[in-house]
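Participant: If you scroll down you'll find the structure; I have some questions about it.
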Amino acid sequence: GTELLTNPSVMLLDEPTSGLDSTSAVALMQTLRKLAETGRTIVTSIHQPSSLVFYMFDNLMLLADGHMVYDGAPRQCMPYLATLGYTPPGDYNPADFVMDLLNSADLNAVPDSAKKDERAGAGDESSRPPRQVLIEAWDNGAAEQRAAAAVAELSRGKDVVGFGEASRGRPTSYLWQLRVLLVRSALNSRSKLFTTLNFVQSIGLALISGVAWFQLENDEDNISDRNGFVFFFLAVWFFQALFAGMMEFPAERVVLLKERSAGSYYLSAYFLSKTLSEMPLRVLLPGVYLFISYWMADLQPRFGSFVGIMGTNLMGTLCGESIGLFIGTTTMDMEKAMVIATLVSLSMMVLGGFFVELEPWLEWLVFLSPFKCAYHASLLLVFPEDYNVDCNNGNFLPRCVTEDSVDGQYITSFLDVTLSLGANVGMLVGYTVVYRLGAYFALRFLNHNQGRS
């Protein structure tokens, strides 16, 4: 199917109906006929065709021991064999009769009751294998007629192949390739991501998280719990997407290189189709998880904060996938990619700002972690500036020793959130774009790609 993306003028098929039932074989041959009617030349070998399939061909070529024994219209084959004394019974499949005729060394083994008696007294000539008779008959007469007909066609300037100038065009357009690859990628991604187990995992994890952080109180003692919940759900989906993205291209390497070497499509069309088709599917499961667990935990009662946190989480998921794609395309080796992905994911978690406060001379390292951007952006949405949290005698926040409540700005400052919401989201989007572009260029230049880019 992918070979059709290049709009080939000639197609060679080796037993395309093998393994298909009769109905599917007929449907396939009808499709091939439609393609042939558009100006393509289609050459195929066939294995045990039905009578209907046998007569669907425009031209039939029969070979025996490397010699041609017939070349012409399928409906003229039986009359031709009849002139040589080989006539099948009326209910006999012509394809089966031809195969029995060409493969049988014993003349009497061929079902030919109508002519058997006539040949009985014909002497040594009739005792030869049928295929030998057919070879000699074609060599002596029919081949010369076909050659003369071909010369006549050429002398009139007619295209013998049957593929005119109007249909000998360039390969298919970029948009057509993108469209076909989008459909294929969407079908593959849907069967891979939209599974019962994935939904059970997402919903089950959401329920467990919702119970563990159930209905958090709006007070000082639950600030660390809210902080931990934000870090948990971001880490789960960010790094799950990272490892899933890492395995995308190494798993498809053989198919990709084969199709690219045949010039089936532009590499950019392939990469863009995977990005566009998988993006909405990749964020669905995190969306289901957060929709359930967010309200069970009562993380932030404002609906605007919920929408913002949902968007940040989904963007973090896409960023994690982009990093995984970059790792996978730069290595194209599952073992190496797994080692690098593990190192990168754990480093990003450490630099995320939840586990440890870095020394001043190491603070610049946090800007290497996209996870930190998603984490801090979410904290700014959980604790907006005008949102107040009740104090409990300063058990967690120093200002609560003397005040009854604190605002969100103080809390985010206490949690070392430095950049604004817009800056964090902007950096997260930038990381996503940069890593995804890096994955494309790595796929194009680092892995012996062939064909159009």
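Participant: Are any residues in region 249-285 under 12 Å from LEU193 (Cα atoms) and of a type outside the set (Lys, Arg), and if so, which ones?
Facilitator: Within region 249-285, the subset under 12 Å from LEU193 (Cα atoms) is 277-285.
Across region 249-285, the qualifying residues are SER277, GLU278, MET279, PRO280, LEU281, VAL283, LEU284, LEU285.
Participant: Separate question: Could you look through region 389-417, keep only residues that are surrounded by 14 or more Cβ atoms within 10 Å (Cβ to Cβ) and of a type in the set (Ser, Thr, Tyr), and pick out the one that is farthest from VAL356 (Cα to Cα)?
Facilitator: Here the answer is SER405.
Participant: Also, quick follow-up: What are the residues in region 351-388 that are under 16 Å from GLY320 (Cβ atoms) and exposed (fewer than 15 other Cβ atoms within 10 Å of the Cβ), if any?
Facilitator: Of everything in region 351-388, just one residue is under 16 Å from GLY320 (Cβ atoms) and exposed (fewer than 15 other Cβ atoms within 10 Å of the Cβ), namely LEU368.
Participant: Now for a different question. Could you grab me the full set of residues in region 317-362 that are of a type outside the set (Ser, Thr, Tyr), over 23 Å from the mean Cα position of the chain (by Cα), under 30 Å from PHE291 (Cα atoms) and in a helix (DSSP H, G or I)?
Facilitator: Of everything in region 317-362, those that are of a type outside the set (Ser, Thr, Tyr), over 23 Å from the mean Cα position of the chain (by Cα), under 30 Å from PHE291 (Cα atoms) and in a helix (DSSP H, G or I) turn out to be VAL344, LEU346, MET348, MET349, VAL350.
Participant: Condition first: farther than 29 Å from LEU437 by Cα, open to solvent by less than 40 Å² (accessible area, probe 1.4 Å) and touching a Gly at 6+ places or on another chain (Cβ under 8 Å). Can you find one or more residues in region 329-345 that meet it?
Facilitator: Kept after step one, since they are farther than 29 Å from LEU437 by Cα, are these residues of region 329-345: none.
No, region 329-345 contains no residue that is farther than 29 Å from LEU437 by Cα, open to solvent by less than 40 Å² (accessible area, probe 1.4 Å) and touching a Gly at 6+ places or on another chain (Cβ under 8 Å).
Participant: For region 273-294, give me the residue count where each residue is more than 31 Å from the chain's Cα centre (by Cα) and without any contact (Cβ under 8 Å) to a residue 40 or more places away in the chain.
Facilitator: 1
Participant: Can you tell me which residue within region 166-203, out of those that are among the charged types (D, E, K, R) and at pLDDT below 85, is most open to solvent (accessible area, probe 1.4 Å)?
Facilitator: First, the residues of region 166-203 that are among the charged types (D, E, K, R): 168, 170, 179, 184, 190, 192.
After this cut, where a residue has to be at pLDDT below 85 as well, the list is 168, 170, 190, 192.
Values: ARG168: 112, ARG170: 205, ARG190: 122, LYS192: 96 Å².
Across region 166-203, the extreme among qualifying residues is ARG170.
Participant: Can you list residue pairs whose Cβ atoms sit under 7 Å apart, with the first residue in region 11-24 being closer than 16 Å to LEU35 by Cα and the second being among the basic types (Lys, Arg)? Count only pairs 6 or more apart in sequence or on different chains.
Facilitator: Listed by first residue and then by second, the contacts come to MET11/ARG40.
The values are calculated or read from the model by the stated rules, or taken from the named source; none is laboratory data. This one's a predicted model, so the numbers in the text were calculated from it and none came from an experiment. Cβ atoms come from the backbone with ideal geometry, glycine included; neighbour counts cover every protein chain shown. Heads up: the accessible areas ignore ligands, DNA and RNA and are worked out on the full protein's heavy atoms, side chains in. Shrake-Rupley method; radii C 1.70, N 1.55, O 1.52, S 1.80 Å.
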